[in-house]
Amino acid sequence: MLADFKRDYPGINVVSVTGRGNELTTRIMTERRAGKFIGDVYSGGTGGNYNVLYKGKGLDPIKPAFILNRSGIVG
């Protein structure tokens, strides 16, 4: 997936961080508490997503980020 993204959007520099779910959710929450909003995408299990990020208010709502294009499709 990362290779496809880089091919389609060569002007965007992607930094990928890997680790265990609990390590990544702890990192994200620590960054947010420090006022740093570095991560754009997180893929992990439901436990960390819900119990840490959602309950800890570490997620931003996605609805305001949706933009209607000319065809009326949200993307």
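Miscellaneous remarks
- Semi-axis lengths (Å, descending) of the ellipsoid that matches the C-alpha gyration tensor of the range 2-65: 23, 14, 12
- Potential lengthening between I12 and Y54 on full extension [0.36 nm per residue; Cα-Cα distance subtracted]: 12.3 nm
- By average C-beta atoms within 10 angstrom, highest first, the peptides 3-11, 31-39, 45-53: 45-53, 31-39, 3-11
- Rounded to 10°, Cα long-axis angle of helix 21-33 versus longest principal axis of the chain: 80
Throughout, read-outs are computed from the coordinates displayed, never taken from laboratory work. Fair warning: this is a prediction, and the values are worked out from it, not measured in the lab. Every residue, glycine as well, gets a Cβ built from its backbone with ideal geometry; the counts of neighbours run over all protein chains shown.
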